[in-house]
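Structure record follows, encoded as structure tokens.
The values are calculated or read from the model by the stated rules, or taken from the named source; none is laboratory data. Note that the structure is predicted; figures quoted are calculated from it, not measured. Note that each Cβ is placed from the backbone with ideal geometry, even for glycine, and that neighbours are counted across all protein chains shown.
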Amino acid sequence: MSSISVPADRGERLADAEAPGTAGVPRGLLPVVLTATFMYALDFFIVNVAIPSMQRGLGAGAGAIQWIMVGYSLALAAGLITAGRLGDIHGRRRMFALGLGLFTAASAACGFAPQVDLLVGARVAQGLAAALMAPQVLAIIRTAYQGAAQARAIALYAVTMGLGAVCGQLVGGLLIKADLFGSGWRACFLINLPVGLAALALVRRCLPESRAPRRPRLDNLGTLLIAATLVALLLPLVQGRAAGWPLWTWLSLAAAAVLLVVFAVHQRRSARRGGSPLVPPALFRDRGFTVSAVAQVLFAAGQGSFFLILALYLQLGRGLDALSSGVVFTVMALGYFESSRRSHLVAARLGRHAVTLGAVGMTIGLVLLWAGANLAGDAPGTARVLWLIPGLVVDGLGMGLVLGPLTGASFSRVPAELVGAASGVVTALQQVGGAIGVALLALVFYGALPGGYAHAFQAGVLVLAVAELALAGLMQLLPRER
């Protein structure tokens, strides 16, 4: 067997350095990192179900409630790229453990918050902690596993991310309905305490440490520029429609464009001078990474916005409560789980066309959903939701074939010294894509709403069907596998 090693600082070596695949990798590695992944993905969506209970329990107004959601997403997005680089510098296991510990503590602060202002602050802290651990997960998987074992691990990562997103409403609805010890909505956060502490106790035993081969320095100016760019971009996207797109939203978007150009110039200059740019320009000199990055934005835009309009249609158009709506989401989760856990096998046979197949499948599913909504109409009666089931299953199957292979394609040609930076970029682009998709599709949905919720939902899924076809076409630009 050939020897494969990944250099680490101070002579440290990964536990699996002597053999490819899974040889030498602690058996608990995937359960630990995927538990953390499920936690932060779930907390992005679970809050939607708890909003009415929060308003009653804390006396919170609409603005404060919005910041409970916005604070988490902004902090998460703003910190991802920097956190990926911190893993390269200080050790991915160390940064993952720090992020997991802070996320668990912030979850406790959210669960016990006596007033809304403290809850908003705790949500921001929770987002920053999630940003610290999220990019380390992909970097740890990328450096610990080799070959087919790595593809399988990324497929399981995709399963976990998707289930965390799809099951957020169901889990939240069940926790609120159970009202454990009279906790109400607080259980949505407090559930993270035993899970997070258990995972944290296993980190040192189950996760090998790794760093970039040549320990880079943190780009302080780049950190400030990219954080400011992401906040300036995402804040108007998540608040613009509700605020009526006032002047500040357009000024913020313009500032984001300027800041992005300044950041890019700074990164190129730093690379030319032999520095340690936060986002090494060498990443984007590879066509495979660049195409995959654009595809990540497109896919995330469709996924996040679809969850939004489906929830609005089910709860406001069909009259379902949060728990019943969550049960409908699980129909899609079943299709997603079944295909995503086998996506690495499909990718091994079809290569880049696994994503193409998944995107086409999602297009078919969305068209079926359009037809189902047409048959269900706007007449009352939850039984009419049954018309949506075929489309949800097919869409879930397609979605499961996209995320894992697409994530694998993003990292397939990234050298070891850039893994952390690449992880931060990919996870940040997923957040950016989700915000862009929600902002744009909300315009379509609410613009069509005068014709009824069914009409608005149909308009949204048709736009998404076109986006998925564009994703299928974009995959043809990926380099052929060697």
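Regarding the stretch 65-82, can at least one residue be identified that is among the aromatic types (Phe, Trp, Tyr), modelled with pLDDT under 85 and either farther than 28 Å from ALA409 by Cβ or not assigned by TED's automatic domain parsing to the domain that holds GLN239 (or both)?
yes
From GLY302, GLY365, GLY358, grab the single residue that is surrounded by 17 or more Cβ atoms within 10 Å (Cβ to Cβ), assigned to a helix (DSSP H, G or I) and modelled with pLDDT under 90.
Every option except GLY302 fails the conditions.
Of the numbered conditions (1) closer than 22 Å to ALA467 by Cβ; (2) out of contact with any Leu (no Cβ under 6 Å at 6 or more places or on another chain); (3) among the small types (Gly, Ala, Ser), SER339 satisfies every one except a single condition; which is it?
(2)
Please enumerate the residues belonging to the stretch 158-169 that are closer than 20 Å to SER73 by Cα and part of a helix (DSSP H, G or I).
ALA158, THR160, MET161, GLY162, LEU163, GLY164, ALA165, VAL166, GLY168, GLN169
Here are some residues: ALA456, ALA448, ALA442, ALA421. Which one is under 18 Å from the mean Cα position of the chain (by Cα) and either more than 30 Å from ASP219 (Cα to Cα) or of a type in the set (A, V, I, L, M) (or both)?
ALA421
Could you say whether any residue in the stretch 251-267 is modelled with pLDDT under 90, among the polar types (S, T, N, Q) and over 17 Å from PRO415 (Cβ atoms)?
No, there is no match, as no residue in the stretch 251-267 is modelled with pLDDT under 90, among the polar types (S, T, N, Q) and over 17 Å from PRO415 (Cβ atoms).
Counting just the residues of the stretch 308-328 that are under 21 Å from GLN430 (Cα atoms) and at pLDDT below 85, which one comes out surrounded by the fewest Cβ atoms within 10 Å (Cβ to Cβ)?
Going through the qualifying residues, I end up with LEU308.
For residues that are under 26 Å from ALA149 (Cα atoms) and touching an Asp or Glu at 6+ places or on another chain (Cβ under 7 Å), tally how many sit in the stretch 353-365.
Total meeting the criteria: 1.
Restricting to the stretch 344-359, name every residue that is under 22 Å from LEU464 (Cα atoms) and of a type in the set (Gly, Ala, Ser).
ALA354, GLY358, ALA359
Per-residue answers, yes or no, for (1) under 19 Å from PHE457 (Cβ atoms); (2) hydrophobic (A, V, I, L, M, F, W, C); (3) not assigned by TED's automatic domain parsing to the domain that holds THR223:
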residue	(1), (2), (3)
SER340	no, no, yes
VAL346	no, yes, yes
ALA371	yes, yes, yes
LEU401	no, yes, yes
GLY404	no, no, yes
VAL425	no, yes, yes
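Go through (1) at pLDDT below 90; (2) closer than 19 Å to LEU30 by Cβ; (3) not hydrophobic (A, V, I, L, M, F, W, C) and name the single condition ARG211 misses.
All conditions pass for ARG211, except number (2).
Inspect all residues belonging to the stretch 314-323 and state whether any of them is without any contact (Cβ under 8 Å) to a residue 12 or more places away in the chain, more than 18 Å from the chain's Cα centre (by Cα) and not assigned by TED's automatic domain parsing to the domain that holds VAL171.
yes
When residues of the stretch 109-139 are filtered for being over 19 Å from the mean Cα position of the chain (by Cα), hydrophobic (A, V, I, L, M, F, W, C) and crowded, with 19+ Cβ neighbours inside 10 Å, how many remain?
Number of matching residues: 6.
Mind checking which helices (runs of 4 or more DSSP H) fall wholly inside the stretch 180-299 and carry at least 1 residues that are under 30 Å from ALA113 (Cα atoms) and in contact with a Leu (Cβ under 6 Å, 6 or more places away or on another chain)?
Passing ranges, in order: 187-190, 192-206, 220-243.
Just to be sure I understand the filter: pairs with C-beta atoms under 6 Å, separated by 6 or more residues or on different chains, first member in the stretch 247-268 and assigned by TED's automatic domain parsing to the domain that holds ALA78, second member surrounded by 18 or more Cβ atoms within 10 Å (Cβ to Cβ) and not hydroxyl-bearing (Ser, Thr, Tyr). Which pairs pass?
From the stretch 247-268, no pairs qualify.
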